[in-house]
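See below for the structure under consideration.
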Amino acid sequence: MEESNLKLALLLLFAYLLGAIPNGVWIGKQFFHTDIRTAGSGNIGTTNTFRVLGPVAGSAVLILDLAKGTIATLLPLWFHITTVSPLLFGLMAILGHTVSIFDHFKGGKAVATSAGMLLAYNPLLFVIAATLFVSLIYLTSMVSLASMVSFTIITILCFVIHDQYLSIIAVCLTIFVFYRHRTNIKRIKDGTENMVSFGLGYKRRQQHQK
């Protein structure tokens with residue numbers, strides 16, 4: 001029993017440390033000699049990395065941040081742990097991403113890492129979430145709005161499929177995502193939110209500025 005508890009504790013710690021890896025910061029410093037925390041929005045996630053360092057770095061951060069949530073959630077399967085939900089390991093990775101020991105206990109907004117957890121736990125919901133996210137980005141050209149709306153819809157679907165644990169976690173994560181996007185919400189209301197350079201929203205803004 002003690003050995004089993006020790007293994008559980010070590011794997012949860014590993015999930016946190018895995019999630020705590022600030023991919024955007026490390027990639028920016030190592031390959032671009034840029035600290036993205038001091039550029040753009042200052043966020044360490046995919047969107048700001050795309051904006052500051054370009055699509056190659058942004059894509060790398062997206063994949064790596066997704067992988068953190070996926071790998072962490074799969075740990076109990078790989079190590080034959082059945083006493084706790086795999087969602088707990090995903091949550092530890094999300095905690096690490098948002099409160100990183102490698103980044104002075106700061107971090108990102110948890111969108112990609114949460115999606116990675118969903119990919120490992122319920123691939124069908126992940127596909128729905130990804131489709132929603134991409135569609136909303138095309139319609140609005142706003143990653144922030146696409147993130148918040150996607151989280152909200154997936155939370156509703158979690159209740160529809162009667163997954164109690166995932167529903168509770170989804171509600172908590174959605175509240176957290178809205179909180180972390182509070183400045184984005186203000187800019188959306190003011191009509192000054194940053195947009196990606198494609199999609200219908202960007203096209204409309206460009207037409208209005210002419």
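The table that follows gives values for the structure above.
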item	result
Cβ-Cβ under 8 Å pairs, at least 6 apart or on other chains, the range 15-26 side under 14 Å from H104 (Cβ atoms), far side acidic (D, E) and surrounded by fewer than 24 Cβ atoms within 10 Å (Cβ to Cβ)	A20/D103; P22/D103; V25/D35; V25/D103
Unique residue being among the aliphatic types (A, V, I, L, M), surrounded by 22 or more Cβ atoms within 10 Å (Cβ to Cβ), more than 15 Å from A15 (Cβ to Cβ) and under 15 Å from the mean Cα position of the chain (by Cα) when the list is A93, A112	A112
Output for the range 188-204, where each listed residue is surrounded by 15 or more Cβ atoms within 10 Å (Cβ to Cβ) and either in a helix (DSSP H, G or I) or at positive phi (or both)	I188, G199, G201, Y202
Close pairs from the range 117-133: first free of Cβ contacts under 8 Å to residues at least 12 places away in the same chain, partner crowded, with 16+ Cβ neighbours inside 10 Å and part of a helix (DSSP H, G or I), Cβ under 6 Å, at least 6 apart	F126/L118; F126/L119
Test for I168: is it under 15 Å from the mean Cα position of the chain (by Cα) and either of a type in the set (A, V, I, L, M) or not in a helix (DSSP H, G or I) (or both)	no
Residue selected from the range 40-80 under the condition among the hydroxyl-bearing types (S, T, Y) and under 18 Å from I137 (Cβ atoms), by the criterion surrounded by the fewest Cβ atoms within 10 Å (Cβ to Cβ)	S59
One residue from L119, L139 being closer than 25 Å to R187 by Cα and either at pLDDT 95 or above or assigned by TED's automatic domain parsing to the domain that holds I21 (or both)	L139
Residue list for the range 128-147, restricted to those being surrounded by fewer than 20 Cβ atoms within 10 Å (Cβ to Cβ), within 14 Å of M195 (Cα to Cα) and among the hydroxyl-bearing types (S, T, Y)	Y138
Qualifying residue in the range 29-39 (condition: buried (at least 21 other Cβ atoms within 10 Å of the Cβ) and modelled with pLDDT under 95)	yes
Members of the range 13-50 found to be assigned to a helix (DSSP H, G or I), closer than 24 Å to A72 by Cβ and of a type in the set (V, I, T), listed by number	V25, I27, I36, T46, T47, T49
Checklist (1) farther than 15 Å from I63 by Cβ; (2) in contact (Cβ under 8 Å) with a residue 12 or more places away in the chain; (3) of a type outside the set (D, E, K, R); (4) surrounded by fewer than 23 Cβ atoms within 10 Å (Cβ to Cβ) applied to F105, failing item	(2)
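The values are calculated or read from the model by the stated rules, or taken from the named source; none is laboratory data. Bear in mind the structure is a predicted one, so any value in this text is a computation, not a measurement. No Cβ is skipped: glycine too gets one built from the backbone with ideal geometry, and neighbour counts run over all protein chains shown.
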